[in-house]
1. With a 10 Å radius around each residue's Cβ, average the other Cβ atoms per peptide and rank 445-454, 239-248, highest first.
2. Could you please state, rounded to a whole Å, how far the C-alpha centre of the stretch 306-333 is from the C-alpha centre of the stretch 1-61?
3. Provide Met290, Met466 in ascending order of the number of other Cβ atoms located within 10 Å of each residue's Cβ, fewest first.
4. Kindly rank 122-128, 157-163, 479-485 from highest to lowest mean number of other beta carbons found within 10 Å of each residue.
5. With the cut-off at 1.5 for a/c, could you classify the stretch 52-96 from its C-alpha gyration tensor as rounded, prolate or oblate?
6. Just to verify a number: FRET efficiency for Ser310 and Leu105, C-beta to C-beta distance, R0 = 30 Å, to 0.05?
7. Work out how much length Phe517 to Leu29 would gain on full extension: take 0.36 nm times their residue separation and subtract the Cα-Cα distance, in nm to one decimal.
8. Among the listed pairs Lys277/Lys357; Lys80/Lys143; Lys80/Lys147, which are separated by more than 19 Å between their Cα atoms?
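Bear in mind that the values in this text are calculations on the coordinates, not laboratory data. Treat the numbers as computed from the prediction; the structure is a model and nothing was measured. Cβ sites come from the backbone with ideal geometry, for glycine too, and all protein chains shown count toward neighbours.
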Amino acid sequence: MLFNSYTFLFLFLPLTFAVFFLLARTSHLMAAGWLAAASLFFYGWWNPVYVGLLMASIVFNYFAGMHIARAVADAREREKKWLTIFAVAANLSLLGYYKYSNFFLANTAAAIGFPPPQAEIVLPLGISFFTFTQIAFLVDTYKGKVKEYRFVHYCLFVTYFPHLIAGPILHHAEMMPQFGQKSTYHMQAENIAVGLTIFFIGLFKKVILADGIAPYVAPLYGLPGAGVAPTLIEAWCGVLAYSLQLYFDFSGYSDMAIGLSRLFGVQLPLNFHSPYKAVNIAELWNRWHMTLSRFLRDYVFIPLGGQRKSAWRRYSSVMITMFLCGLWHGAGWTYLAFGVLQGVYLCVNQWWRMLRKRMGQDRKRPTRLGTIAAVLLTFAAWLVGLAFFRADSVPHALQIVAGMFGVNGFALPDQWLAKWGVLGQWLAVGGVAFSDSRGLVTAGLVNWIVILLAIAWFAPNTQQIMARFNPALLIPRDMVAARRLAWHPTVAFGLLVAVLAFASIVNLHRQSEFLYFQF
């Protein structure tokens, strides 16, 4: 079931919301159980077969966590260590089987000259997210951080429908106290107003903005597959279009998840914070899929040595972490290439920061021009990475990157020659090439790119607009709240949100899945 569907908006959500608060009058435990059951139904709407897999994973990890907790309480160090290793390995094995078996078998068959396997293993929706959530639970239990063990709350913690399919990746200590609070089970007007506002902002981002530019992406990325080397304009338009589709798609989902959860009186951690405003690649990753970055930092990078070891150990830890990040996003050489490239970026960034420190430069007092240059350079590097992230294969990605650097030539679309009149003629006489762009680079695409870049770079994000009402957990301390667009529960803002909701709902006929569903 999709958040951006009539079934969800007009049947599932109202029914789940109403029954939850009706049951809460009688029993908080029954209300939590209802929300967990509704979340399982939400998950099973996609494929009922995998509800059993999800429940088996939940039961296994719950009892594994209980055994680890007892070993922790009794100071049985060896037992708790091996129980944790076994349970984590079991989770990774399940994830590996469903997510990477097809990739491994296909590449093995190709290497030994056999035909590829005929049957493919279907990837269960959200398996990466509910697996990582439970691995974090097991490790936190091992560290003695887990304090609450009721099965109903644990089941709700894992299955909670606002985050189940595409995150954020939750920590047990963040969610369990909220499921136990009495205030969670009392309907509050502020939670409803704030939640609906955030939800409809996210829905607008997805349905109008992300889906609006989406039709331009596939044809441009498909040029290498059609035997056409994309020119500089085509390559840049393609990666820009995809970068903005992905940005508003994931930003929209993150807003919707936070808004939906707030309706039930529960705060989710912030997962997306204007990453295209970042001044370096490390900051971009701290703003993009923030809970995944946190998971990789806490459970991969720091155990590998983090910042405390030698430069060589630090750089190798970064590369391993980002290699796994690429692998987490998908089973394919393009995702691995993306992860390795991000690792290289982060190593270069660390080296550059160390060099500037040795040179005595004050990184805490940047100039305006330096900040603009840093944002543009970071964004350009990210776009090169997205050429691999979206492409069908590494050779196709390399053709797109070659186009971005002008290797495949530069030519303006021929339809611009007539539209530009005297300017177009002057450019043509001056040697600027105009050629058939196959109708892919249009004024509509350029307009979308300009508008969406302006929003991404200059508009306040949702948490800045809603800052007065504490919209989510893990809000950055240095976040500057919006001033002119700061949300208040007024008639004017209510009408504005109603317009966003109406524009989104009337366009739900072209509903599409969220891009992060495939990861």
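1. Order by mean packing, descending: 239-248, 445-454.
2. Comparing the Cα centres of the stretch 306-333 and the stretch 1-61, I get a distance of 36 Å.
3. Least crowded to most crowded, the residues run Met290, Met466.
4. 157-163, 122-128, 479-485
5. oblate
6. It comes out at approximately 0.20.
7. 172.6 nm
8. Beyond 19 Å: Lys277/Lys357.
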